[in-house]
Amino acid sequence: MTRRRAYTLVELLVAIAIIGVLLALLLSAVQAARGAARRVACANNLRQTVLAATVLVDARRALPAGTLLAGTPQPWRGWLVTLLPYLERGAVAAAVDAEYRASPDPFDVVAHPWFTKPMPEFSCPDDGRCLDAPFAPNWGVNAGLTSYMGCLGSDSALRDGVLFGNSAIRLADVTDGTSRTLLCGERPPSPQFDWGWWYAGVGNGAGELDHTVGTLSHDSNMYGDCGPGPYPFQPGDLRDECATNHFWSTHPGGGHFARVDGSVRFHTYDGAAVLVPLSTRAGAESAADD
């Protein structure tokens with residue numbers, strides 16, 4: 001009887017161990033499935049954003065400015081605001097116009113309540129921070145965030161992309177071809193939420209890092225001692241202020257990018273060199289596309 005009880009105990013422990021392994025495998029599979037679903041949702045949000053840009057081009061004959069600079073009627077407004085009417089957000093666009101008429105200072109958040117509101121369309125579900133409007137302590141404001149940065153080109157000094165300060169790029173200016181020119185890509189907001197605002201933002205003085213990023217930008221981060229750069233597409237970390245200087249995503253292995261023709265593709269970090277010629281609108285590069 002004692003030996004039989006021992007066998008029964010061993011069998012029970014083996015069964016428990018097997019169940020534990022199966023539960024671990026099941027949990028891993030569920031987590032992977034959820035991650036894949038968030039990645040698909042992220043790509044879909046980006047796709048809707050770039051499709052809105054193509055409709056805007058048909059209506060206005062030019063892409064929006066990456067950031068409207070000082071001296072314009074709506075200073076420091078980002079390119080995503082211009083897309084609102086083409087995302088069935090005409091009421092929000094009208095509210096933003098009214099807010100700017102009430103106060104041209106976008107950091108007057110009493111007069112600009114939409115500054116502090118999240119916009120799910122401009123957020124990657126894989127980064128839950130963008131579904132809120134967290135407090136940015138260095139600025140003293142709550143700011144609505146975005147996961148998607150316009151591509152200003154290779155570097156802000158060159159202005160060789162399609163979205164930069166006061167830009168108004170027509171399709172005729174994109175001589176490399178709309179299917180071979182980047183419009184925007186993923187870049188999570190910075191750890192303290194100083195960079196990556198959808199509504200408006202000064203950035204480094206020309207909107208860079210708030211609304212736009214380059215594929216080989218040099219250090220533009222006034223809060224981080226990050227070195228001169230350049231900063232190519234590479235893995236980042238939500239705790240690293242310096243990761244704000246370049247495109248990256250919270251997905252494993254790479255990130256999504258949209259092109260001027262409306263297509264969205266997932267690029268891997270080991271193919272980062274491909275993005276540099278794709279980021280310019282008129283470089284006539286011969287580099288192969290992946």
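Any read-out appearing in this document is the output of simple, stated calculations on the displayed coordinates, not a laboratory observation. Keep in mind that this is a model prediction, so the values were computed, not measured. Methodologically, a virtual Cβ is constructed for each residue, glycine included, from the backbone with ideal geometry; neighbour enumeration extends over all protein chains shown.
For the range 172-264, the set of trypsin sites (Lys or Arg not before Pro) satisfying both a DSSP loop assignment and a count of at most 14 other C-beta atoms within 10 Å is given as R239. Rounded to whole Å, the principal axis extents of the Cα atoms in the range 131-173 read 40, 21, 16, largest first. Over all pairs of different C-alpha atoms in the chain, the reciprocal of the mean inverse distance, the Kirkwood hydrodynamic radius, equals 20.0 Å.
Give the residue from S103, G236, H211 lying farthest towards the positive end of the charge dipole for the chain; charges sit on Cβ (+1 for Lys and Arg, -1 for Asp and Glu) and the dipole is referred to the Cα centre. The Cα lying farthest towards the positive end belongs to G236. Distance between the C-alpha centres of the range 84-148 and the range 189-217: 14 Å, rounded to the whole angstrom. A Cβ-based charge dipole, computed about the Cα centre of the chain with Lys and Arg at +1 and Asp and Glu at -1, lands at about 1080 debye.
With the helix formula -39500 (n - 2.57) applied to DSSP H stretches of n ≥ 4, the chain reaches a computed 222 nm mean residue ellipticity of -10000 deg cm²/dmol.
Loop only by DSSP, 11 or fewer other Cβ within 10 Å of the Cβ. Give me the trypsin sites (Lys or Arg not before Pro) in the range 46-143 that pass, ordered by residue number. Those satisfying the criteria are R61.
Distances between placed amide hydrogens fall under 5 Å for N142 paired with A136, all partners being 5 or more residues away or on another chain. Taking amide H as placed 1.01 Å from N in the peptide plane, the amide H of T67 sits under 5 Å from that of F164, G165, N166, S167, each at least 5 places away or on another chain. What the phi angles of the range 124-136 give under the Karplus curve with 6.51, -1.76 and 1.60, with θ = phi - 60°, is a coupling list of 8, x, 6, 10, x, 4, 6, 8, 10, 10, x, 7, 9 Hz, glycine and proline written as x. Where in the chain lies the longest segment free of GluC sites (Glu not before Pro) that are both loop residues by DSSP (not H, G, I, E, B) and have at most 15 other Cβ atoms within 10 Å? It works out to 89-284.
Remark: the range 255-272, residue by residue, has Karplus-estimated 3J(HN,Hα) of x, 8, 9, 10, 10, 4, 7, x, 7, 10, 9, 9, 10, 8, 5, 6, x, 4 Hz, where x stands for each Gly or Pro and the curve is 6.51 cos²θ - 1.76 cosθ + 1.60 at θ = phi - 60°.
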